[in-house]
Amino acid sequence: MIQILLFLLLQCSMSSRAPPKALLQDMVVPPRQLFGPGPSNMADSIAETQSKNLLGHLHPEFVQIMGDVRLGLQYIFKTENKYTFAVSGTGHSGMECAMVNLLEPGDKFLVVEIGLWGQRAADLANRMGIEVKKISAPHGKAVPVEDIQKAIAEYKPNLVFVCQGDSSTGVAQPLETIGDACREHGALFLVDTVASLGGTPFDADALKVDCVYSATQKVLNAPPGLAPISFSDRAIEKIRNRKQRVASFYFDALELGNYWGCDGELKRYHHTAPISTVYALRAALSAIAKEGIDESIQRHKDNAQVLYAALKNHGLEPFVEDEKLRLPCLTTVKVPERIDWKDVAGKMLINGVEIAGGLGATVGKIWRIGTFGINSNKTKIENVVELLSKSINETRSKL
Ligand code: PMP
């Protein structure tokens, strides 16, 4: 009897929970021009793929799409690396995948730090119990390559990390000759191109890069959720000869490489690829293939000049003083004295345009304007700067 009562009580309490009211309403997604550090706006040809029906991830048609994606990634990374694929996860998953495969206990890790992303790589290595040495530049500057070469020769690291385009400062770190120094001293060379790939020159093979990763939501104009990555033969050899197995199954580069058809062996189930996001990546790569990777890079450079000129016209200054060190697809702008960056960004958002404030050490000091992919467009850029200037003047008039 007591048991029946308890059962009825439980039933009553279970069924009394009402569904969340919010979920009974339609989702609201306002239009927005995304000129922050990412995500950028989706191109129409990419957005269209998101309503296509799913395929099974082992169906031959999907395997073909994965193969197309691999070719597109080899094209934009400029590499012949067989192990070129996309990790299922955002840019961070590319970073974690690179590091868990390329570092093992007892290894030494050299981090070139020009902003938040070097700190993040060092933090990850600390979590893995790896010895880290940092070589840093003041924010807004790059580390001279001669200093990096010297640090490699002295410290003799197993792995060297460089972020090509640091989205927290807007600096583009020169990469030339670092790969040579790595080869000379037995180190592997790892590059983060999350905020730079397709928007500034990069040639994985010519630069002797051993591992490079990126993300889909910046220059590629696709939704976040995949991290393109490429491993050189040297990197794969190191992974094959590890003393200990890679601690992560999900990020194991050899398993992922097999799943993506990189090793020529029979494909094994590893995980279920995010099918729709892979469609989006294929469409993004197709758009770049049609424009040409070098043409895309040139367009970003040309439109960065449009942005610098517009800023100057409105009395605003880029944060990175040396123009050669500015990342063409992400420009950082000094916040004028006594102006509240948040107030200005808030006003712009009300007008449907996103720009962002600083990140890490640059909070309060700068705005970050991303001009990625389809947003690298003269008219759009001039309109954004016009609105920025108007919003600053509105804030100023209240002081
Ligand atoms: N590296 C850089 C240079 C980035 O700008 C970002 C994202 N802003 C990341 C890594 C991490 O990417 P995600 O947010 O997609 O994980």
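The values are calculated or read from the model by the stated rules, or taken from the named source; none is laboratory data. For clarity, every value in this text was computed on a predicted model and none was experimentally measured. Note that we place each Cβ from the backbone using ideal geometry, even for glycine, and neighbour counts take in every protein chain shown. Note: accessible area is taken over every heavy atom of the protein model, side chains too, but ligands, DNA and RNA are not part of it. Shrake-Rupley method; radii C 1.70, N 1.55, O 1.52, S 1.80 Å.
Quick rundown of the values:
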{"quantity": "Where the range 116-182 is the region considered: accessible area per residue in Å², 1.4 Å probe", "calculated": "40 Å²"}
{"quantity": "Cα-derived Rg to Rh of the range 285-327, Kirkwood definition", "calculated": "1.12"}
{"quantity": "Other-chain or far-sequence residues with amide H under 5 Å of Leu226's (modelled H)", "calculated": "Gly89, Thr216"}
{"quantity": "Global form of the range 78-197, assessed from the alpha-carbon gyration tensor, a/c cut-off 1.5", "calculated": "rounded"}
{"quantity": "Cut-off 14 Å between beta-carbons: net charge of the residues surrounding Pro318, Lys and Arg +1, Asp and Glu -1", "calculated": "+3"}
{"quantity": "q = 0.08, 0.12 Å⁻¹: log10 I(q)/I(0) that the Debye formula gives for the chain, counting C-alpha atoms only", "calculated": "-0.47, -0.95"}
{"quantity": "Column: log10 I(q)/I(0), Debye, Cα scatterers of the range 173-214, q = 0.17, 0.19, 0.30 Å⁻¹", "calculated": "-0.42, -0.51, -1.13"}
{"quantity": "Along the chain, longest interval not containing exposed GluC sites (Glu not before Pro), exposed being DSSP loop plus at most 16 other Cβ atoms within 10 Å", "calculated": "81-175"}
{"quantity": "Inter-site label distance for Asp44 and Asp322 at 7 Å from Cα along Cβ, in nm", "calculated": "4.3 nm"}
{"quantity": "Leu197 accessible area, 1.4 Å probe, all protein chains in place, Å² to nearest 10", "calculated": "10 Å²"}
{"quantity": "Kyte-Doolittle mean at least 0.0 and Cα axial length at least 24 Å: DSSP H helices in the chain", "calculated": "60-77, 275-291"}
{"quantity": "Estimated distance in nm for a label pair at Asp302 and Asn241, the labels positioned 7 Å out from Cα along Cα-to-Cβ", "calculated": "4.7 nm"}
{"quantity": "Computed FRET value (nearest 0.05) for His314 with Val29, which takes r as the C-beta separation and R₀ as 45 Å", "calculated": "0.90"}
{"quantity": "Residue among Ala222, Ala310, Ala361 with the largest mean-square fluctuation in a Gaussian network model of the chain, springs linking Cα atoms under 10 Å", "calculated": "Ala361"}
{"quantity": "Where labels lie 7 Å past Cα in the beta-carbon direction, separation of Leu349 and Tyr155 in nm", "calculated": "3.7 nm"}
{"quantity": "Length released on extending from Arg396 to Asp263, taking residue separation times 0.36 nm less the Cα-Cα span", "calculated": "41.9 nm"}
{"quantity": "For Leu197, distant residues with modelled amide H under 5 Å away", "calculated": "none"}
{"quantity": "In the range 295-339, trypsin sites (Lys or Arg not before Pro) in a DSSP loop with at most 14 other beta-carbon atoms within 10 Å", "calculated": "Arg338"}
{"quantity": "Shape category assigned to the range 52-134 from the gyration tensor of Cα positions, a/c cut at 1.5", "calculated": "prolate"}
{"quantity": "Cα shape, the range 327-399, gyration tensor, a/c 1.5 rule", "calculated": "oblate"}
{"quantity": "Estimated [θ] at 222 nm from DSSP helical runs (n ≥ 4, -39500 (n - 2.57)) normalised by residues in the chain, nearest 500", "calculated": "-12500 deg cm²/dmol"}
{"quantity": "Reach of Lys378 by Cα under 13 Å, taken over aspartates and glutamates that are not fewer than 8 positions away in the same chain", "calculated": "Asp302, Glu386"}
{"quantity": "Phi to ³J(HN,Hα) by Karplus 6.51 cos²θ - 1.76 cosθ + 1.60 over the range 263-271, Hz, x for Gly, Pro", "calculated": "9, x, 8, 4, 6, 9, 5, 10, 7"}
{"quantity": "Residue-normalised accessible area of the range 205-347, given per residue in Å² at a 1.4 Å probe", "calculated": "45 Å²"}
{"quantity": "Straight-distance crosslink candidates among aspartates and glutamates, where the alpha carbon sits under 18 Å from Lys301 and sequence neighbours closer than 8 are dropped", "calculated": "Asp166, Asp203, Glu291, Glu317, Glu321, Asp322, Glu323, Glu382"}
{"quantity": "Accessible surface of the chain, 1.4 Å probe, proportion on carbon and sulfur as whole %", "calculated": "55 percent"}
{"quantity": "Pairwise FRET efficiency - Leu55 versus Ala289, Cβ, R0 = 22 Å, nearest 0.05", "calculated": "0.50"}
{"quantity": "Within the chain, longest stretch clear of exposed chymotrypsin sites (Phe, Trp or Tyr not before Pro) (DSSP loop, no more than 13 other Cβ within 10 Å)", "calculated": "1-248"}
{"quantity": "Exposure rank, largest accessible area first [Ser136, Ser167, Ser276; 1.4 Å]", "calculated": "Ser136, Ser276, Ser167"}
